[in-house]
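Peer 1: Attaching a single structure in C-alpha cells format; questions to follow.
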Amino acid sequence: KGEPLARLYCLKAGGEIVAVIEGLAFAETFTPLVSSISPDRKYDRLSPGFTAAYFAVDENLKRGYRAYDMSVGELSYKARFHGQMAELFERREALSPKGVPAVLAGRLRTRARLFRRAHPDLFKLLRREPRTDEPAEPAEE
C-alpha cells in the first residue's frame, strides 16, 4: 500500500458502460481523478455516477482503505454517503518573482469568495434594484 495504484471502475447496464471512475489509491485513501457518465438520457433516473461512486467506495473499503476523497465542494450527492467532513487548506506559493502576481490574485479570489459566503445578506442588498432620486411621472388624465 505504499505505492500509488491507479484504479479504473466501470459500471455497466445492459452490456453498455454507463459510468467510469478513474483514480489513485495511496496511503489508505482512494482519490477519484476523473469520472464520466453516459450522455444517454435513458440512464438519468438510475444515477449512474452516484451508483459507480457507491461501488467504488464499497470496493475500497473491502480492500482496507479508510478514506474515499471526494475533493472540494458541497455537491448534494456527497451528503448521501454520510461520511466525515475534513477541513481542507489551500496553499499558494510563488516559485519565482514572476509567480507573485498570480499567487496574490488567487489569494484575493479565495478571500473574496469566503467573504461573500460569510455575508450573504450584504450581497442580497447589493443585488437590489437601485433607487432613483427622480420624481415619478405625473399620471396622464
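Peer 1: Please go through (1) open to solvent by 100 Å² or more (accessible area, probe 1.4 Å); (2) charged (D, E, K, R); (3) assigned to a loop (DSSP other than H, G, I, E, B) for ARG107 and return the number of the only condition it doesn't satisfy.
Peer 2: (3)
Peer 1: Let me ask something else. What single numbered condition from (1) open to solvent by less than 70 Å² (accessible area, probe 1.4 Å); (2) in a loop (DSSP other than H, G, I, E, B) fails to hold for MET85?
Peer 2: Every condition holds for MET85 apart from (1).
Peer 1: Scan region 8-45 residue by residue and report those that are charged (D, E, K, R), under 14 Å from ASP69 (Cα atoms) and part of a strand (DSSP E or B). First the steps, then the outcome.
Peer 2: From region 8-45, those charged (D, E, K, R) are 12, 16, 22, 28, 40-42, 44-45; that's our starting set.
Within this subset, residues satisfying the condition of being under 14 Å from ASP69 (Cα atoms) are 22, 28.
Hit for region 8-45 is GLU22, nothing else.
Peer 1: Which condition number does ALA27 fail, the rest of (1) at pLDDT below 90; (2) touching a Phe, Trp or Tyr at 6+ places or on another chain (Cβ under 8 Å) being met?
Peer 2: Unmet condition: (2).
Peer 1: Restricting to region 61-99, give me the number of residues that are within 24 Å of GLU22 (Cβ to Cβ) and at pLDDT 90 or above.
Peer 2: 1
Peer 1: So is PHE50 within 14 Å of TYR9 (Cβ to Cβ), in a helix (DSSP H, G or I), open to solvent by 100 Å² or more (accessible area, probe 1.4 Å) and at pLDDT 85 or above or not? It would help to see each step written out before you state the result.
Peer 2: Working: within 14 Å of TYR9 (Cβ to Cβ): yes; in a helix (DSSP H, G or I): yes; open to solvent by 100 Å² or more (accessible area, probe 1.4 Å): no; at pLDDT 85 or above: yes.
In short, no.
The values are calculated or read from the model by the stated rules, or taken from the named source; none is laboratory data. A quick note: this is a predicted structure, and the numbers were derived from the prediction, not measured. Every residue, glycine among them, receives a Cβ derived from its backbone with ideal geometry; neighbour counts consider all protein chains shown. SASA here: full protein model, heavy atoms, side chains in, ligands and nucleic acids out. Shrake-Rupley method; radii C 1.70, N 1.55, O 1.52, S 1.80 Å.
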